[in-house]
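**Q** Let me give you the structure first, and then I'll get to my questions.
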Amino acid sequence: MQAQAYEGYFENGKFYAGGKPVILPERRKVYITVLEEPAQVVLSTSSPSWLEEVYRLLEDSDDEVLRPEDFPRMEFGREPIFFSDEG
């Protein structure tokens with residue numbers, strides 16, 4: 001018999017260790033110890049700097065209009081087909 005120990009916290013019906021939910025096999029015998037101290041969970045609201053930069057670029061480019069001449073290496077050998085809901 002092999003046992004695995006986890007340290008984490010219980011929230012909204014799920015057990016989290018290291019900030020990620022723990023997936024346990026169904027119908028296994030478990031021992032649970034509930035401590036009287038609150039969990040010292042640091043929920044990171046800060047993203048890595050590269051991810052923040054990606055989000056900033058997405059927001060900055062939200063209203064850009066892309067034109068075929070913006071992509072000179074894209075050559076299909078035919079006229080592009082533009083789809084629209086108009087007329």
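Laboratory data are not the source of any read-out in this text; all were calculated from the coordinates shown. Quick caveat: nothing in here was measured; it's all calculated off a predicted structure. We place every Cβ from the backbone using ideal geometry, glycine too, and count neighbours over all the protein chains shown.
**Q** Kindly put K20, K29, K14 in sequence by how many other C-beta atoms sit within 10 Å of each C-beta, fewest to most.
**A** K29, K20, K14
**Q** Same structure again: Most exposed first by the Cβ proxy, i.e. fewest other Cβ within 10 Å, how do Y31, Y9 rank?
**A** Ascending Cβ contact count within 10 Å gives the list Y31, Y9.
**Q** Could you state the principal axis extents of the C-alpha atoms in the chain, from the largest down, to the nearest angstrom?
**A** 67, 30, 30
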